Amino acid sequence: MSERLWEKIRPVEGADGYFVTDDGTVFSERVQGPPKGKRGPRRKLKLAIDAVGRPSVWIPFGGSYQRVLVGVLVAAAFIGARPPGLDVMHRDGDPANNRDTNLSYGTRKENMADREAHGRTARGTRNARSRLTDEQVRAIRVRLTNGEGLRAIARDFGITHPTVMSIRDKKAWTHVV
């Protein structure tokens, strides 16, 4: 491994023998079993990637293993303890880029606005469970302004009439003008 990888190393607080680097590499020097307290060779932990692309690792805290997002570990080690009520934000919008220079703390509202600005929200057709397209939603709104009934529109598009009401009241598909 390159020397750059190990330039900035900090321990993971609360997990003896676990470390994180400024670029988001998590590794262990922990030896399983006896002799207690002995450090072993550095072992890079395997990352698990969730549905939105955030890498995480399993680390023992207080005797039980917990899944922890790598961005949270890097931010805690290199930015400082996370203030209550704040999220870890990725400045470039890429949840896989966990370099310390790319992370910051912000409110949930700021984080959601940042996701929206980077186009990372699962709205409309980007949502895997979506049944409609933006064009279909526009067509539904046109038919609603023409006075057509909710149930007839719902039947034609294969959706429920409460969904049509949500589209009409701009509670759903708010991003479609």
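The values are calculated or read from the model by the stated rules, or taken from the named source; none is laboratory data. This one's a predicted model, so the numbers in the text were calculated from it and none came from an experiment. Don't worry about glycine lacking a Cβ; one is built from the backbone with ideal geometry, like all the others, and counts go over all protein chains shown.
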Here the qualifying pairs (Cβ atoms under 7 Å; residues six or more apart or on different chains; first in region 47-67 and under 14 Å from VAL26 (Cα atoms); second charged (D, E, K, R)) come out as SER56/ASP50; SER56/ARG67; TRP58/ARG67
Given the conditions (1) under 15 Å from the mean Cα position of the chain (by Cα); (2) in contact (Cβ under 8 Å) with a residue 12 or more places away in the chain; (3) in a loop (DSSP other than H, G, I, E, B), every one holds for PRO83 apart from (1)
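From the list LEU103, LEU144, which residue is closer than 23 Å to THR163 by Cβ, hydrophobic (A, V, I, L, M, F, W, C) and in contact with a helix residue (DSSP H, G or I) (Cβ under 7 Å, 6 or more places away or on another chain)? Steps first, answer last, please.
Values: LEU103 fails: closer than 23 Å to THR163 by Cβ.
Going through LEU103, LEU144 in turn, the sole match is LEU144.
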Of the residues that make up region 24-35, is at least one surrounded by 15 or more Cβ atoms within 10 Å (Cβ to Cβ), of a type in the set (Phe, Trp, Tyr) and touching an Asp or Glu at 6+ places or on another chain (Cβ under 7 Å)?
no
Among helices (runs of 4 or more DSSP H) completely within region 97-177, the ones holding 1 or more residues that are farther than 30 Å from ASP22 by Cα and touching a residue at least 40 places away in the same chain (Cβ under 8 Å) are 134-145
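I'm checking my understanding of the structure. Among residues of region 67-115 that are of a type in the set (Gly, Ala, Ser), touching a Pro at 6+ places or on another chain (Cβ under 8 Å) and closer than 15 Å to GLY53 by Cβ, which one is surrounded by the fewest Cβ atoms within 10 Å (Cβ to Cβ)? Before the answer, list the steps.
Taking region 67-115 as the starting set, the residues that turn out to be of a type in the set (Gly, Ala, Ser) are 71, 75-77, 80-81, 85, 93, 96, 104, 106, 113.
If we keep only those that are touching a Pro at 6+ places or on another chain (Cβ under 8 Å) too, we end up with 71, 77, 96.
Narrowing further to those that are closer than 15 Å to GLY53 by Cβ: 71, 96.
Numbers: GLY71: 24, ALA96: 14.
My answer is ALA96.
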Taking region 93-113 and keeping only residues that are within 12 Å of the chain's Cα centre (by Cα) and either among the hydrophobic types (A, V, I, L, M, F, W, C) or not assigned by TED's automatic domain parsing to the domain that holds VAL74 (or both), one is left with ALA96, MET112
